[in-house]
Amino acid sequence: MEDRNERPDICGPCGGECCRTRPGFEAPERFLRAADPAAHLAAALASGEWLLARHVGVPWRGGVPPPDEVRWREILCPRPATVEERRLGRAFASGERSPCVFLEERGCRLAFAERPRMCRSLEPSAAGECLAAFGPGEAAAAWLPHQALVEEARRRAGVGR
Ligand code: SF4
Ligand code: SF4
């Protein structure tokens, strides 16, 4: 597990730009740990607090592109919804911005260990270039082998594409 990445000295003055605009992606393990992973993910989706964001392809490795069959593949990855996405009942199509549903006045209402992996891996930077070791591309690569599980959860939750 990542060390706690909270840096009030940096994030305080920033005001939580990440949480106010782009919730972090989750890794599969949160759901794979459950006795019925598809049911666990379906319940999260049905709550409206989580959704499936689209990502095209997986990252290049060592300057080598991924195989063609995944290079342009649409991969669905869970992350918390934004307030506006929850209201709309669907994920934003592009770069729209809205606060994460878990963001409260005093910060994230999830305990650190319960936050999405991308949130836990984000390295705050006073220069405004905060990077996550586990970003959208890493989430897509991690979720690629579990797309059947995602589709099953989506079907059970009754959420559209
Ligand atoms: S991680 Fe970066 S964007 Fe997020 S609150 Fe901290 S400084 Fe701001
Ligand atoms: S889950 Fe918490 S840390 Fe992650 S974006 Fe939402 S409010 Fe921020």
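The values are calculated or read from the model by the stated rules, or taken from the named source; none is laboratory data. Bear in mind that the values here come from a model prediction, so they are computed numbers and not experimental data. Glycine gets a Cβ as well: all are built from the backbone with ideal geometry, and neighbour counts include every protein chain shown. Ligands, DNA and RNA are stripped out before the accessible areas are found, and what is left, the full protein with its side chains, is counted by its heavy atoms. Shrake-Rupley method; radii C 1.70, N 1.55, O 1.52, S 1.80 Å.
Please state the relative contact order of the chain as a whole percent: Cα pairs under 8 Å, 6+ residues apart? Don't skip to the answer; put the middle values down first.
Values: 239 pairs, mean separation 56.0, N = 161.
With pairs under 8 Å counted, the relative contact order is 35 percent.
The length gained by stretching the chain between Glu6 and Leu131 to full extension, at 0.36 nm per residue less their Cα-Cα distance, is 43.7 nm. Protein heavy-atom accessible surface, 1.4 Å probe, per residue over region 8-156: 55 Å².
The length gained on full extension between Ala39 and Arg97, counted as 0.36 nm times the residue separation minus their Cα-Cα distance, comes to 18.0 nm. Relative contact order of region 19-107: 38 percent, from C-alpha pairs under 8 Å at least 6 residues apart in sequence. Here the gap between Arg155 and Glu123, fully extended at 0.36 nm per residue and compared with their Cα-Cα distance, gives a gain of 8.0 nm.
Measuring nothing but protein heavy atoms, the accessible surface of the chain at 1.4 Å probe radius is 52 percent carbon and sulfur.
Net charge of the neighbourhood of Phe92, taken over other residues with C-beta under 13 Å away and scored Lys/Arg +1, Asp/Glu -1, is +4. Values of log10 I(q)/I(0) for the chain across q = 0.09, 0.15, 0.16 Å⁻¹ run -0.29, -0.83, -0.95, by the Debye formula with one identical scatterer at each alpha carbon and no solvent.
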